[in-house]
1. Residue farthest toward the positive end of the dipole of the chain, with Cβ of Lys/Arg at +1 and Asp/Glu at -1: which of Ala454, Ala549, Thr169?
2. Can you bin region 467-559 into rounded, prolate or oblate? Criterion: square roots of the alpha carbon gyration tensor eigenvalues sorted a ≥ b ≥ c, rounded for a/c under 1.5, prolate for a/b above b/c, oblate for the rest.
3. Dipole of the chain, Cα-centred, from +1 at each Lys and Arg C-beta and -1 at each Asp and Glu C-beta, to the nearest 20 debye?
4. Can you pull the Rg over Rh of region 40-144, Cα-only, Kirkwood?
5. Treat every Asp and Glu Cβ in region 340-413 as -1 and every Lys and Arg Cβ as +1, leave all other atoms uncharged, and give the resulting dipole magnitude about the Cα centre to the nearest 20 debye.
6. Would you work out which of Thr347, Tyr645, Ala112 lies farthest towards the positive end of the dipole of the chain, given +1 charges on the beta-carbon of Lys and Arg and -1 on that of Asp and Glu, about the Cα centre?
7. Packing-wise, with mean Cβ within 10 Å as the measure, how do 614-626, 378-390, 412-424 rank, highest first?
8. Could you work out Rg/(2.2 N^0.38 Å) for region 206-246, with Rg from alpha carbons only?
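Derivation of every value follows stated rules applied to the coordinates shown; laboratory data play no part. None of these values were measured; they are calculated from a predicted model. Because the Cβ atoms are built from the backbone with ideal geometry, glycine has one as well, and the counts that use them run over all protein chains shown.
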Amino acid sequence: MRLIDVLVGVLLGGFLSIQGHAQEQPNLRMRADQLFERMEYARAVDLYVRLADSKKPRVGDVERAASSYFFLNQYELAENWYARAVGMEGHAAESQRNYAEALKHNGKYTDAKKQLEAYVEKFGVDEIIRLSIEGCDSSIVWMANPLSYLLKNERNINTDLSEFGVFPTSNGVLYAGEPKVSAGKRSGMTGEAYLKVFSASRKTEELTLSSMMPDNFNSTTYHVGPVASNKAENVLYVTRTHPNTEVEKYKKNGTKFKRHNLELKIYRKNGDSWIEEDFAYNQVNTYSVGHAALSDDEQTLYFASDMVGGRGGVDIWFCELRPDGCWGIPINAGEEINSAGDEMFPTIFGNRLYYSSDGFAGMGGLDIYVAEGSKSSFSKRKNLRYPVNSAADDFSFVILGGHQDGYQGFISSNRIGGIGSDDIYSFSFKKPKVTIILEGITINKKTNELISEASLTLFDGDRRIVAKRLGESNAAFRFELDKNTEYKVLAEKSGFHADSVNIIGVRPTKDTTIRVTLRLEPIFKVGDKFVLEDIYYDFDKHNIRKDAAVILDQLVRTMRDNPTVKIELSSHTDSRGTHSYNDKLSQRRASSAVDYLVSRGIDRSRLVAKGYGERRLINRCSDGVKCSIEEHQANRRTEVEVLAY
């Protein structure tokens, strides 16, 4: 469960409590459904995968397997299972929408748009779908032409939990994070300890030496953070979940809910401690207030709230400082900033307001925007595009400073490739002095003919998507690379098995061009065969190793993107060992590979596992023939044969 989902939920209405009943000794599906309803998706998904592995799987089981992976942020698996679900009769409208969202998270905006258009044909259009389709069009362009931001995960302070919302100080930064604790109260939604405020040192290039602050503002019961400060650093504006008994009560679909809303607390330095006071416009039994930011002159306080009078769910508001030192009544920041969706996490740099929104045509989730002006007079709103934004939630954009050639700062994001659910990233924006260009072509591996308009994805060493585009009509493609950075480029097209190549990091002293050729294996007709290269098993074992799983995942994508294909997946041994033993070992290996594909969302009815032992050697190395290790290795292979297309 992403922490940002909790915060958005809290801004819209805090911690929800609802009464439910469990049944004793449930069957497999009932157990799966109970776990799913309790949001224990990691446990539920294993049961739904088992239920879906049957001759006549229920569409609901496939959909819930997909949704479990979706809520666990495992979008590659979610895409596999949603692709299977929407091909079944009776699938839900929500599955079609979530399929599009999973495709977005995987950088496949062209495919996501197709799914959204299919949704419109089946279920009709609404404003959210219209904006999402518009966002797909923009994202395709942005991902093909990423801006010159260099993002770096702050691994010294990020954990497998959530860290986000950096606020720079004279000695380092403050941020919100989930502490690692072995005991104590935990959030019912995340299963982790409640957020607290942390501090970290800031060196020239990275954050380090993080620790939870010992101050009294961290001692409250529920979530604390994010936090902002004045320039003198003697006044803090702390967002927290209201800890007392006052709650907002409401009904939905006949069920009673309670929610602890957010409030903004002000802490003033008094010696070695902090004196707490209420923000005048907290009203915890009606709405939430949080995410404070001060203007440069400290005369205007911006914040996020779902108070009455806004344009949508959560809006950006502001108060002006009165002569008596109190904050004036809240005023909405206006329609240039706010939408019918949610706006939050404002920060100020000069005359620019940076904030996040899901109410405009963007890449998906929360996108970061910037607008010029102040108070309720803003103009020139624009999306910060890729790679600042992604299909995930991107927020808390803060600039440290810079010059005319570039600037630096931090963002928070739960994008693919991070360490935890929400991570802090540093960024720099500057144009490189030396350019590194990756040029390549895509060809048919069997005929050497050019393959035009293949889908090309450039990943970094942590498998984050750097850029994505279609190849040209002449099969050529081009990406710009950063120095000293490892990459992987993947080529895919329907009717072919994908190919990829790894690019080592280089440190050139002049403009450099790297050229590659990607060879896609055709699977156009029954009887086509190809070898899954680099699939290895431990000696005398049949379990799927991690390096083999990477290759099999590529086959999963081929099967997913070609839903009419049926294959035989065969395993072959060398001639050493008895015929009987080799037959059994190869059958176990083939069955293990098929089981792996099934676990990744491929219907077992499309797969046949066959072990041929040493009966299909591809060279002279039969019994009694002396051969090299390499010659024997050539016979130990995994093959795919197309049975139907």
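1. Looking along the dipole axis, the top candidate is Ala549.
2. oblate
3. Dipole size: approximately 1680 debye.
4. For region 40-144, the value is 1.00.
5. 300
6. Positive-most Cα among the choices belongs to Tyr645.
7. For the peptides 614-626, 378-390, 412-424, the packing ranking is 412-424, 378-390, 614-626.
8. Dividing the Cα Rg of region 206-246 by 2.2 N^0.38 Å gives 1.37.
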